[in-house]
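The values are calculated or read from the model by the stated rules, or taken from the named source; none is laboratory data. No experiment lies behind these values; they were computed from the predicted model shown. Here the Cβ is made from the backbone with ideal geometry for all residues, glycine too, and neighbour counts use every protein chain on show.
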């Protein structure tokens, strides 16, 4: 039986690349998103072309009822789960000076970027413990996609940066809590990555990268992140639970 994985926000961008990497390497994969399933049919078929089972779990991870629906669908259709990839997240509706920040934007970001992953992980972690209790050979992993914004300030995205800083602690909390069950938790922290989220600031980062922002002089790609997630999901770093895996081209390496 193939190992099974859930990738939240898996119908586009980084999440979709992660899903492709997992499917290519023998995982049955559930992708989550908020769009109607009819709008991601082509995406699902491309993932299925790798020869594994692929399902769509529609829902807003920031909503309690939707999270329950996602988990129930996984249990009914897969009956198992080995890997949770917390990838879903949103950018601010507006980039605002912190002196002008709004509670509406803050609440939305924290609901989706932090509350959602934390309580989805809670539900999945409890299920993983059950699976481990019923099968001594069971292996699982919790992988959270963070951001360099956890430590690198973008002052007009203060709410976003704070959500990612909190998400970094989320990964460590689960690494500690799940250690007794032999289930590791990791954070993958991308840098400037070419996705629809960064499409509005392409010119800005083209110039910064050309001027030496990163050690490796290029944008990151969703594929870069997908390869890192695959290595963690596959157990290639068995003694590194709680660690942060940087995928930022050396952007955060201190330099003089």
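All of 15, 59 fail the test of being buried (at least 20 other Cβ atoms within 10 Å of the Cβ), in contact (Cβ under 8 Å) with a residue 60 or more places away in the chain and touching a strand residue (DSSP E or B) at 6+ places or on another chain (Cβ under 9 Å), apart from 15. Just one of (1) in contact (Cβ under 8 Å) with a residue 60 or more places away in the chain; (2) more than 17 Å from residue 125 (Cα to Cα); (3) in a strand (DSSP E or B) fails for residue 6. It is (2).
Can you run down the residue pairs with Cβ atoms below 7 Å, 6 or more apart or on separate chains, where the first is in the range 242-256 and farther than 16 Å from residue 150 by Cβ and the partner is at pLDDT 95 or above and buried (at least 16 other Cβ atoms within 10 Å of the Cβ)? From residues that are farther than 16 Å from residue 150 by Cβ, the pairs are 249/191; 249/214; 249/220; 250/214. Residue 229 satisfies every condition listed in (1) under 16 Å from residue 13 (Cα atoms); (2) without any contact (Cβ under 8 Å) to a residue 40 or more places away in the chain except (2).
Within the range 175-201, being within 17 Å of residue 235 (Cα to Cα) and modelled with pLDDT under 95 holds for no residue.
Of the helices (runs of 4 or more DSSP H) lying entirely inside the range 106-220, those containing at least 3 residues that are crowded, with 20+ Cβ neighbours inside 10 Å span 116-134, 158-178.
Given the condition in a helix (DSSP H, G or I) and surrounded by fewer than 23 Cβ atoms within 10 Å (Cβ to Cβ), answer yes or no: does some residue in the range 78-89 qualify? For the range 78-89, residues in a helix (DSSP H, G or I) and surrounded by fewer than 23 Cβ atoms within 10 Å (Cβ to Cβ): absent. Does residue 142 satisfy being in contact with a strand residue (DSSP E or B) (Cβ under 6 Å, 6 or more places away or on another chain) and without any contact (Cβ under 8 Å) to a residue 60 or more places away in the chain? Judged against the criteria, residue 142 is a match.
For the range 62-92, a residue qualifies if it is free of Cβ contacts under 8 Å to residues at least 40 places away in the same chain and within 15 Å of residue 154 (Cβ to Cβ), and exactly one does: 90. The one condition from (1) on the phi > 0 side of the Ramachandran plot; (2) free of Cβ contacts under 8 Å to residues at least 60 places away in the same chain; (3) in contact with a strand residue (DSSP E or B) (Cβ under 9 Å, 6 or more places away or on another chain) that residue 235 does not meet is (2).
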